[in-house]
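Below you'll find the structure, written out as structure tokens, and then a few comments.
Where a number appears in this text, it was derived from the coordinates with a stated rule and is not lab data. Computed from a predicted model, the values in this text were never measured in an experiment. Every residue, glycine among them, receives a Cβ derived from its backbone with ideal geometry; neighbour counts consider all protein chains shown.
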Amino acid sequence: MQQQGSSDRSLIEAIVRHDESALKALYDRYGALVFTLALRRLGDRGLAEEVLQDVFLRCWEQARTYRPEAGGVSAWLFGITRNRAIDVRRSRQQQARRREEEYPADPSMLKDGAQHDASELVALRVTLQAALRALSPAQREAIDLAYYGDLSQSEIAKRLGEPLGTVKTRIRAGLERLRRTLQPGLQPDLETTSGADVAP
């Protein structure tokens, strides 16, 4: 049984051995951060939850592909989140275009619940913006370039004229600070998405 205090790397090593408790511990540690990053990118709570599930499913299936020399576990999960969010957004855009071609927009089809969902998203975005403001400018810039600029850590280092190790450290420290800031407030919202659910 893995303990919550285990290092990220030891949890990944346990996941490679198909230890479901290690996956749950990693989910408890980073689930709120993954969800929030996906939400910021997609702007849709349902899609963000879909990405959250996919990220930890891929973590379970592809833990062997993690390479410590490439960065910390949080940065690895961050990369999976970014790539999966891009895939989901492109897929949804294609589906939306097909629907628009088949069915003209009808305002009468909008539900009252949409306003409630929008208010909830605004609150979540405010929480995320506050967390981002708590980062140093250098950390925020590196994370923005990685997540919104779709740049690799090597590309970020080249653009900023900084050593690769410095960029890795900024991203790792920034993600860890975001995780600590966001987890207490967002974890209750994720209770319906158990980390054990993503294990086979």
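Label-point separation (nm) for Tyr148 and Arg17, each offset 7 Å from Cα along Cα-to-Cβ?
Taking the simple label geometry, Tyr148 and Arg17 are separated by 4.3 nm.
Order these peptides, 139-151, 30-42, by their mean beta-carbon neighbour count within 10 angstrom, highest first.
Per-residue mean Cβ counts within 10 Å order the peptides as 30-42, 139-151.
Using r as the Cβ-Cβ distance of Arg159 and Arg67, and R0 as 25 Å, what FRET efficiency do you calculate, to the nearest 0.05?
Result of the calculation: an efficiency of 0.65.
Quick one: 3J(HN,Hα) in Hz for the stretch 164-177, Karplus 6.51/-1.76/1.60 with θ = phi - 60°, rounded, Gly and Pro as x.
Running phi through 6.51 cos²θ - 1.76 cosθ + 1.60 with θ = phi - 60° gives 4, x, 5, 5, 4, 5, 5, 5, 4, 5, x, 5, 5, 5 Hz.
Starting from the 7 Å offset along Cα-to-Cβ, what nm value, one decimal, do you get for the label separation of Arg9 and Ala130?
Here the modelled spin labels are 3.6 nm apart.
Most exposed first by the Cβ proxy, i.e. fewest other Cβ within 10 Å, how do Arg92, Arg64 rank?
Arg64, Arg92
Magnitude of the Cβ-charge dipole of the stretch 48-87, K/R +1 and D/E -1, about the Cα centre, nearest 20 debye?
That gives a dipole near 180 debye.
Net charge around Arg140, counting only other residues with Cβ within less than 11 Å of its Cβ (Lys, Arg = +1; Asp, Glu = -1)?
Here the count lands on +1.
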